[in-house]
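Inspection log for the structure reproduced underneath, given as structure tokens.
The values are calculated or read from the model by the stated rules, or taken from the named source; none is laboratory data. Note that the structure is a prediction, hence the values are computed from the model and not measured. Cβ: placed from backbone, ideal geometry, glycine included. Neighbour counts: every protein chain shown. Ligands, DNA and RNA are excluded from the accessible area calculation, which covers all protein heavy atoms including side chains. Shrake-Rupley method; radii C 1.70, N 1.55, O 1.52, S 1.80 Å.
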Amino acid sequence: MIETQVRSENKRRLIVAITGASGAIFGIKTLEYLKEQDVETHLVLSKAGERTLLEETNYSIKGVHALADRVYPSKDIGAAIASGSYQTMGMIIAPCSIKTMSEVATGITSSLVSRAADVILKERRRLVLMVRETPLHTGHLRTMTALSEMGAIIAPPMPAFYSKPESLDDLVFHNVGRVLDLFDINLPDLKRWKG
């Protein structure tokens, strides 16, 4: 019994947030791929993220919740992931809306998504924002710079054509795979540049 408790405490944990920007599939696929990698996932789905998910995909909210090990309401600022003492590998916000990015950059913690991201930054853990917006104005770029200076990684989903994608799924897989690389999580089928 004690051995099992110790093992679960040492398990790799990753927070995944899905916000209201277009591209909910990036967060969904992140959860699916992490299920195969023995990583415990903690999901926060914003209200805007729920709407976008329903508009853009054939997944249900309940179906996406089932992909995660733990799910938290977006208003639950007392959740485990809202505390620095709860150990995780870090957090991926996929997709990350400009609103969420701006809240994180300014320390506004009005939701569990921005609070958990703030905790990740203060604990010097890895925070990756798959920002989904284009074109970007100077304010967006300055906000990204501020976040980068705080230690966050800005990783907008970008198509990699050297992998010769044949479908939208191929493009999503490659983008999520590259983000998971940042956490030393290797997706075996990821096509890499050979040079």
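A few notes on this one:
- Taken one residue at a time, the phi angles of segment 89-100 give Karplus couplings (6.51, -1.76, 1.60, θ = phi - 60°) of 6, x, 8, 10, 10, 9, x, 10, 6, 4, 4, 5 Hz. Gly and Pro are set to x.
- Average projection, convex hull of the Cα set of segment 60-195: 9.8 square nanometres.
- By accessible area, using a 1.4 Å probe on protein heavy atoms only, the chain has 52% of its surface on carbon and sulfur.
- Database remark: amide H of Val131 closer than 5 angstrom to the amide H of Cys96, Ala155 (H placed geometrically; neighbours at sequence offset of 5 or more, or on other chains; Pro and chain starts carry no H).
- Sequence-distant contacts, meaning Cα pairs under 8 Å at least 6 residues apart, place the relative contact order of segment 1-135 at 29 percent.
- For the peptides 21-27, 189-195, 145-151, residues were scored by their other Cβ atoms within 10 Å and the scores averaged per peptide; the highest-first order is 21-27, 145-151, 189-195.
- Taking amide H as placed 1.01 Å from N in the peptide plane, the amide H of Val71 sits under 5 Å from that of Leu43, each at least 5 places away or on another chain.
- Burial ranking of peptide ranges 77-88, 167-178 (average Cβ count within 10 Å, highest at the top): 167-178, 77-88
- Rounded to the nearest whole Hz, the Karplus-based 3J(HN,Hα) values (6.51 cos²θ - 1.76 cosθ + 1.60, θ = phi - 60°) of segment 27-40 follow the sequence x, 4, 5, 4, 4, 4, 5, 5, 4, 7, 10, 6, 10, 6, with x at glycine and proline.
- Residues whose amide H falls under 5 Å from that of Gly90, counting only those 5 or more places apart or on a different chain, are Ile15, with hydrogens built in the peptide plane.
- Most to least packed among 37-44, 58-65 [average Cβ atoms within 10 Å]: 37-44, 58-65
- Inter-centroid distance (Cα atoms) of segment 25-84 relative to segment 145-195, Å: 19 Å
- Phi to ³J(HN,Hα) by Karplus 6.51 cos²θ - 1.76 cosθ + 1.60 over segment 163-176, Hz, x for Gly, Pro: 7, 6, x, 10, 7, 4, 4, 4, 5, 5, 4, 5, 5, 5
- Listed by chain and number, the lysines whose C-alpha is less than 17 Å from the C-alpha of Lys11, apart from same-chain residues fewer than 8 away, are Lys35.
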